[in-house]
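Colleague: Mind looking over this structure? Questions follow.
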Amino acid sequence: MNPPFQKRLFIPICTLVLVLTGSQERARGDDIGDYLPDPKVIAAKRTELKLTDSQFDAMTRIYEDAKTRYKPLQKRLNHEKAKLITLLKDYPLVEETISAQADKLLTAENAAKKLQFVTMIRINQQLSKAQRQQLLAFTKKNKQSRDSLAPRVKVIKRLGKELQKQGQSTAALEKRLKEIEQLAKAGKIRRAAQALDKTILELRKKLGKADESKQGSSLPPKTNKKLQQQLKPLYERLYAAQQSRDRNALAQVTERCKALLGDWAGLPELPDPKHPVANAPRPTQAQLTRAFDPVLKTLKARKWWRIGEDPTQSTHKLREIASVITGCLATREAGCNNPQDLLALAKDAGDYLIWAQKSAGAGLYPFPASLKGTGKVFEIGKRARKKAIAENRLNKVIHNGWFIDDTGLDIGGLQFDNGLCGVAMLELYRACGDKKYRSSALKAAKWASTRPHVPNWNYNSHGVELLAEAYRENNDPAFLKAAKAKVLFGVFPGQLKKGPRKGRWFDPHNARANYHYILVRGLIRLRSVLPKHDPLNSELEQSLRLALNARNKDSLGGTLINLESSADALLVADRLLGFDHPSLRGTQSKSLLNTLTQFFVARAAKGQWPVAPGVWGQVIRSLKNTSKK
């Protein structure tokens, strides 16, 4: 039975949480909303939380008291709102009178919100420490699961608008969405996702969108268990062919995978997000000089890395620290404010990465075996930990609280953070000249050179990036050889060479724009270090052109399908190759980077966190450099 405090107070409290936390995209670190559990979760998890009758009664009394006190506040709020609307209808508008009335309305709103906030605190105070920790975990999991449905809902609403334009009724669609919403609220996320996917396919078929709906009644690969079962042995064969470095066998098995996927080949497992383009005037040199100041201030205040900490309690990934290093160094190179502070913070972050590398003791920049981290990556880590325990090989997988081996788990996953951190550490060495950062990065590159090629193509690409930069640093042919092998057997085979989605990678995971541009970035870094007459150049440039042409155009029609990853890749392309390079000509890369830059500048002008520190620093440096030309 749902407790009565859930019913009426739930919506205003959720609204309050959104106001307090800001948008999900802008948030960094902990949010207030993470510590104000959803009342609906309390109701749904009453049995698991083992709420006593006395706790339940206390929560009910708190609700009844709040309801009594909320009525006059709501009445006052409606009264002040009505008075403001009346003033706005008058002519001429009197600024002083309207402003005074607006203040009264805001005061009334704040009083109502404060009551809601205090009530939520009092409800949570009735829980024991163990119940509260359990509830926080439920809340985060529920939020993450429901957030995963949002892109599907957006697609359905867009398709619904197209139906209306054709004069068709959407009443049945709206009813179905409400039913699916009830599934999500009940915690039946998988069923909700399957229902949404089926609805998308039916709508596309109804609208005559043949390109995206030829799958008929089949579900997307991520939710189609039968298809997953058929693909599993093929991916095992693919992995075996990668290890034997047999390109003919690789070609055969990838063609079989593409045939099995059918029209899902190259189609992302989740719909592309849509970010409306934003125009902004070009910042002046003075504005650029201080553009990173708010980010630096926030990073210094929220510095989460501490040498000697327990990795199992961490809620951050090392890739986040790599972004801090890259952003600080790019901004410092651009001649922005606080150059000493920027370098000091970058070195502090670099010292932490060295400590983590030594603590793990395997040569790589590891991943924390966190028990507290949330999100998809940390959940994969928790499952990997359980599997290692079940197989009695925990000591081989985890050392000093760090994952050091992903064999048999999320194989190849450790290359992600290792690659990003290694590249950042080489940038740090070039900026300050301290050889300890160079030595650390080359050690990580050596580890990367020993890792197997894996079917998740973007994992291999992170290795390509670090190996290419390591070769740039010390001209060791072993690093170049390893980078080329990762591209030949771990990147090229997955790319579609023909069809309507040529240039994308065939599997729905790497067809997502985020991973697509990670693969592009690896190709760019390798091309920038390849000797002029290397026989791989031709195939590499063809692959790069295909990839850029496949996805750049998707962000040049009024909406951006990806922000951070695409901007990062294009900034690296401009810096290492230049947009006049043969592999970049005709790909509209320069136009897309300009559009992305305007988007980030517009965000910054509104006082928002524009994008990750690493990308924002590179954007500032790019703008500074072009202003000087």
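Colleague: Would you point out which residue out of ILE380, ILE398, ILE354, ILE389 is touching a residue at least 40 places away in the same chain (Cβ under 8 Å) and among the β-branched types (Val, Ile, Thr)?
Modeller: After applying the criteria, what remains is ILE354.
Colleague: Does TRP457 qualify as being surrounded by 18 or more Cβ atoms within 10 Å (Cβ to Cβ), farther than 23 Å from LEU318 by Cβ and in contact with a helix residue (DSSP H, G or I) (Cβ under 7 Å, 6 or more places away or on another chain)?
Modeller: Answer is no for this residue.
Colleague: Another question about this same structure. Can you tell me which residues in region 504-516 are surrounded by 24 or more Cβ atoms within 10 Å (Cβ to Cβ) and part of a helix (DSSP H, G or I)?
Modeller: Passing the criteria: only HIS516.
Colleague: Oh, and also: Check whether at least one residue in region 273-280 is out of contact with any strand residue (DSSP E or B) (no Cβ under 9 Å at 6 or more places or on another chain) and in a helix (DSSP H, G or I), and report yes or no.
Modeller: Within region 273-280, not a single residue is out of contact with any strand residue (DSSP E or B) (no Cβ under 9 Å at 6 or more places or on another chain) and in a helix (DSSP H, G or I).
Colleague: Can you name the condition, by its number, that ASP574 falls short on among (1) within 22 Å of the chain's Cα centre (by Cα); (2) surrounded by fewer than 23 Cβ atoms within 10 Å (Cβ to Cβ)?
Modeller: Here ASP574 meets the rest and fails (1).
Colleague: In region 286-327, what residues are among the aliphatic types (A, V, I, L, M), closer than 25 Å to LEU371 by Cα and surrounded by fewer than 22 Cβ atoms within 10 Å (Cβ to Cβ)?
Modeller: Selection gives LEU299, ALA301, ILE307.
Colleague: One residue is enough: does region 345-359 have a residue meeting the conditions more than 23 Å from the chain's Cα centre (by Cα) and in a loop (DSSP other than H, G, I, E, B)?
Modeller: No, region 345-359 contains no residue that is more than 23 Å from the chain's Cα centre (by Cα) and in a loop (DSSP other than H, G, I, E, B).
Colleague: Separate question: Given the conditions (1) surrounded by 14 or more Cβ atoms within 10 Å (Cβ to Cβ); (2) more than 37 Å from the chain's Cα centre (by Cα), and given that ASN78 satisfies all but one, which numbered condition is not satisfied?
Modeller: Tallying (1) surrounded by 14 or more Cβ atoms within 10 Å (Cβ to Cβ); (2) more than 37 Å from the chain's Cα centre (by Cα), ASN78 fails exactly one: (1).
Colleague: In region 400-417, which residues are within 20 Å of SER314 (Cα to Cα), within 27 Å of the chain's Cα centre (by Cα) and either at pLDDT 90 or above or open to solvent by 80 Å² or more (accessible area, probe 1.4 Å) (or both)? Can you show your working first?
Modeller: Looking only at region 400-417, we keep the residues that are within 20 Å of SER314 (Cα to Cα), and these are 400-406, 410, 413-417.
Those left that are additionally within 27 Å of the chain's Cα centre (by Cα): 401-406, 410, 413-417.
Passing the criteria: GLY401, TRP402, PHE403, ILE404, ASP405, ASP406, GLY413, LEU414, GLN415, PHE416, ASP417.
Results for (1) out of contact with any helix residue (DSSP H, G or I) (no Cβ under 9 Å at 6 or more places or on another chain); (2) aliphatic (A, V, I, L, M); (3) at pLDDT below 95, shown as yes or no for each residue.
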| position | (1), (2), (3) |
| --- | --- |
| ARG551 | no, no, no |
| ASP554 | no, no, yes |
| SER566 | no, no, no |
| LEU571 | no, yes, no |
| THR587 | no, no, no |
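Colleague: Would a scan of region 489-498 turn up a residue that is surrounded by 23 or more Cβ atoms within 10 Å (Cβ to Cβ), touching a strand residue (DSSP E or B) at 6+ places or on another chain (Cβ under 6 Å), over 24 Å from ALA612 (Cβ atoms) and touching a residue at least 60 places away in the same chain (Cβ under 8 Å)?
Modeller: Within region 489-498 (the criterion being surrounded by 23 or more Cβ atoms within 10 Å (Cβ to Cβ), touching a strand residue (DSSP E or B) at 6+ places or on another chain (Cβ under 6 Å), over 24 Å from ALA612 (Cβ atoms) and touching a residue at least 60 places away in the same chain (Cβ under 8 Å)), the answer is yes, since at least one residue qualifies.
Colleague: State whether one or more residues within region 370-389 are touching a Pro at 6+ places or on another chain (Cβ under 7 Å) and either assigned to a loop (DSSP other than H, G, I, E, B) or at pLDDT 95 or above (or both).
Modeller: So far as region 370-389 goes, yes, one or more of its residues are touching a Pro at 6+ places or on another chain (Cβ under 7 Å) and either assigned to a loop (DSSP other than H, G, I, E, B) or at pLDDT 95 or above (or both).
Colleague: Quick one: PHE579 ticks every box in (1) among the aromatic types (Phe, Trp, Tyr); (2) surrounded by fewer than 16 Cβ atoms within 10 Å (Cβ to Cβ); (3) farther than 30 Å from LYS502 by Cβ except a single one, so which number is it?
Modeller: Condition not satisfied by PHE579: (3).
Colleague: Would region 236-243 turn up any residue that is of a type in the set (S, T, N, Q), surrounded by fewer than 17 Cβ atoms within 10 Å (Cβ to Cβ) and under 24 Å from the mean Cα position of the chain (by Cα)? Reasoning before the result, please.
Modeller: Restricting attention to region 236-243, the residues satisfying the condition of being of a type in the set (S, T, N, Q) are 242-243.
Now drop any that are not surrounded by fewer than 17 Cβ atoms within 10 Å (Cβ to Cβ), which leaves 243.
Now restrict to residues that are under 24 Å from the mean Cα position of the chain (by Cα): none.
No, because not a single residue in region 236-243 is of a type in the set (S, T, N, Q), surrounded by fewer than 17 Cβ atoms within 10 Å (Cβ to Cβ) and under 24 Å from the mean Cα position of the chain (by Cα).
Colleague: Turning to a different aspect of this structure: Does LYS435 qualify as being open to solvent by less than 20 Å² (accessible area, probe 1.4 Å) and charged (D, E, K, R)?
Modeller: No; evaluated as a whole, the condition is false for this residue.
Colleague: Evaluate the following for GLY361: is it on the phi > 0 side of the Ramachandran plot and open to solvent by 50 Å² or more (accessible area, probe 1.4 Å)?
Modeller: Answer is yes for this residue.
Colleague: Before we move on, is GLY586 in contact (Cβ under 8 Å) with a residue 24 or more places away in the chain, under 17 Å from PRO273 (Cβ atoms) and open to solvent by 10 Å² or more (accessible area, probe 1.4 Å)? Break it down into steps so the answer makes sense when it comes.
Modeller: Numbers: in contact (Cβ under 8 Å) with a residue 24 or more places away in the chain: yes; under 17 Å from PRO273 (Cβ atoms): no; open to solvent by 10 Å² or more (accessible area, probe 1.4 Å): yes.
It is false that GLY586 is in contact (Cβ under 8 Å) with a residue 24 or more places away in the chain, under 17 Å from PRO273 (Cβ atoms) and open to solvent by 10 Å² or more (accessible area, probe 1.4 Å).
Colleague: Output the residues belonging to region 123-139 that are surrounded by fewer than 16 Cβ atoms within 10 Å (Cβ to Cβ) and part of a helix (DSSP H, G or I).
Modeller: GLN125, LYS129, ALA130, GLN133, ALA137 - these are the residues of region 123-139 that are surrounded by fewer than 16 Cβ atoms within 10 Å (Cβ to Cβ) and part of a helix (DSSP H, G or I).
Colleague: Filter region 589-629 down to the residues that are of a type in the set (D, E, K, R) and open to solvent by 20 Å² or more (accessible area, probe 1.4 Å), then identify the one that is nearest to the chain's Cα centre (by Cα).
Modeller: ARG603
Colleague: Next up: In region 364-378, what residues are open to solvent by 20 Å² or more (accessible area, probe 1.4 Å) and aliphatic (A, V, I, L, M)?
Modeller: Answer for region 364-378, where residues must be open to solvent by 20 Å² or more (accessible area, probe 1.4 Å) and aliphatic (A, V, I, L, M): LEU371, VAL377.
The values are calculated or read from the model by the stated rules, or taken from the named source; none is laboratory data. Remember, it's a predicted structure, so these values are computed and weren't measured experimentally. All Cβ positions, glycine included, derive from the backbone under ideal geometry; neighbour counts span all protein chains shown. SASA here: full protein model, heavy atoms, side chains in, ligands and nucleic acids out. Shrake-Rupley method; radii C 1.70, N 1.55, O 1.52, S 1.80 Å.
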